[in-house]
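For reference, the structure is listed below as structure tokens.
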Amino acid sequence: MLDVRRLRLLHELRIRGTLAGVAEALSYSPSAVSQQLTLLEKEAGVELLQRVGRRVKLTPQGEILAEHTEHLLDRLEAAEADLMASRTTVSGTVRVAVFQSAAHAIIPPALTILGEEFPGLRVEITEREPEAGLFAVSARDFDLVLAEQYPGHTRAHRADLDRINLATDALRLAVPRPRDGRAVVSSLEHATMLPWVMEPAGTASRQWATQLCRSAGFEPDVRFESADLIAHIHLIESGNAVGILPDLVWAGQSPAVHLLELPGLPHRTVFSAARRSSAGRPGVLAVRDALARAVALVAAPSPG
């Protein structure tokens, strides 16, 4: 009989691509991973890996076995979810990957709800960019991810993940507050020559914001890059930049900057995603319910 733990290593190699990546994800040494995969080849009686330069890749037989392993892991996870659902208490650990503004606005009230209603449930929160978080849930590093979808931006479809929308979050131009009764900027077109703060290149928010500026007829002068939206707020509030901020960043508090509507009144969608095989776990259901209730508690700011 094939060893399930070794099959898991083959599955991990398929999704992570390198022995080093498997070793890091599972806290093994690369040599230990290699040894276990060699033993799996002996159990299977066929070659599962082949060398390509300094890397290894799965043979056709390795791909077949890895595909079956994915289904096996899903069945084991579904069985675990059914066992947990048969209990009268909600306990265990739920690992959640969140992006920065969601961590700031949604997570604190959600944790308060969970602490009051499910004291036996442990919730671990780690900040991850949405793309990385979605991959990490698919790879079983996390149980749940909070991610965002910007207008016109599509993501690679992951059939193993579900999706539940939590909120539509308005996106607004953020500028310094008016001085002496005079606004520094009154529209997107007036921000043409001003310094901008944006999230790092390659992120969905950066791509979307850049395209928005280009559609308004200018290339934004990005002088500050940061994934930390609190840093964005401070730069804008101090008069050193303008930028685009989602409403959730205020977490129900009064905005510290002047907010202006953007053309088309754009919104991003905030959603959660879990593996379909574990979405029925009581802990995952409890966290999702708390997140939805937390979103309802966060009031959106008014422009101004």
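Assorted remarks:
- Matching residues in the stretch 227-247 - criterion: being in contact with a strand residue (DSSP E or B) (Cβ under 8 Å, 6 or more places away or on another chain) and part of a helix (DSSP H, G or I): 229, 231, 232, 233, 235, 236, 247
- Check on residue 40, assigned to a helix (DSSP H, G or I), closer than 30 Å to residue 270 by Cβ, out of contact with any strand residue (DSSP E or B) (no Cβ under 8 Å at 6 or more places or on another chain) and open to solvent by less than 30 Å² (accessible area, probe 1.4 Å): no
- Per the listing 137, 145, 96, the residue uniquely β-branched (Val, Ile, Thr), in a helix (DSSP H, G or I), out of contact with any Pro (no Cβ under 7 Å at 6 or more places or on another chain) and open to solvent by less than 10 Å² (accessible area, probe 1.4 Å) is 137.
- Among residues of the stretch 251-264 that are within 14 Å of residue 232 (Cβ to Cβ), none has a Cβ under 6 angstrom from a residue that is assigned to a loop (DSSP other than H, G, I, E, B) and of a type in the set (Ser, Thr, Tyr) at a sequence gap of 6+ or on a separate chain.
- Selection of the stretch 194-226 for residues being touching a residue at least 24 places away in the same chain (Cβ under 8 Å) and assigned to a loop (DSSP other than H, G, I, E, B) yields 194, 199, 200, 201, 203, 216, 217, 218, 220, 226.
- If the condition is being part of a helix (DSSP H, G or I) and over 14 Å from residue 9 (Cβ atoms), then the stretch 43-67 contributes 60, 61, 63, 64, 67.
- Of all residues in the stretch 277-294, those satisfying the criterion of being under 15 Å from residue 165 (Cα atoms) and open to solvent by 10 Å² or more (accessible area, probe 1.4 Å) are 279, 285, 288, 289, 292, 293.
- In the stretch 153-168 there is no residue matching the filter, namely being outside the structural domain of residue 14 (by the TED database), more than 18 Å from the chain's Cα centre (by Cα) and without any contact (Cβ under 8 Å) to a residue 60 or more places away in the chain.
- Selection within the stretch 101-128 - modelled with pLDDT under 90 and surrounded by 21 or more Cβ atoms within 10 Å (Cβ to Cβ): 101, 102, 105
- Residues that are surrounded by 14 or more Cβ atoms within 10 Å (Cβ to Cβ) and either part of a strand (DSSP E or B) or not hydrophobic (A, V, I, L, M, F, W, C) (or both) within the stretch 257-267 comprise 258, 259, 260, 261, 266, 267, listed in sequence order.
- Sole exception among (1) over 15 Å from the mean Cα position of the chain (by Cα); (2) farther than 20 Å from residue 265 by Cα for residue 190, by number: (2)
- The set of residues in the stretch 177-216 being modelled with pLDDT of 95 or more and within 14 Å of residue 240 (Cα to Cα) consists of 195, 196, 197, 198.
- Qualifying residue in the stretch 248-256 (condition: open to solvent by less than 70 Å² (accessible area, probe 1.4 Å), in contact with an Asp or Glu (Cβ under 7 Å, 6 or more places away or on another chain) and assigned by the TED database to the domain that holds residue 199): yes
- Here the stretch 205-232 is the region considered, the condition is being surrounded by 20 or more Cβ atoms within 10 Å (Cβ to Cβ) and aliphatic (A, V, I, L, M), and the residue that is farthest from residue 270 (Cα to Cα) is 212.
- Residue within the stretch 164-173 that is surrounded by 21 or more Cβ atoms within 10 Å (Cβ to Cβ), closer than 30 Å to residue 265 by Cβ and touching a Phe, Trp or Tyr at 6+ places or on another chain (Cβ under 7 Å) present: yes
- Screening 52, 33, 56, 22 for residues that are touching a Phe, Trp or Tyr at 6+ places or on another chain (Cβ under 8 Å) and not assigned by the TED database to the domain that holds residue 281 leaves exactly one candidate, 22.
- The lone exception for residue 48 - which of (1) on the phi > 0 side of the Ramachandran plot; (2) open to solvent by less than 40 Å² (accessible area, probe 1.4 Å) it fails: (1)
The values are calculated or read from the model by the stated rules, or taken from the named source; none is laboratory data. The structure displayed is predicted, hence computed values, not measured ones. We place every Cβ from the backbone using ideal geometry, glycine too, and count neighbours over all the protein chains shown. Side chains included, ligands, DNA and RNA excluded: accessible areas come from the protein's heavy atoms. Shrake-Rupley method; radii C 1.70, N 1.55, O 1.52, S 1.80 Å.
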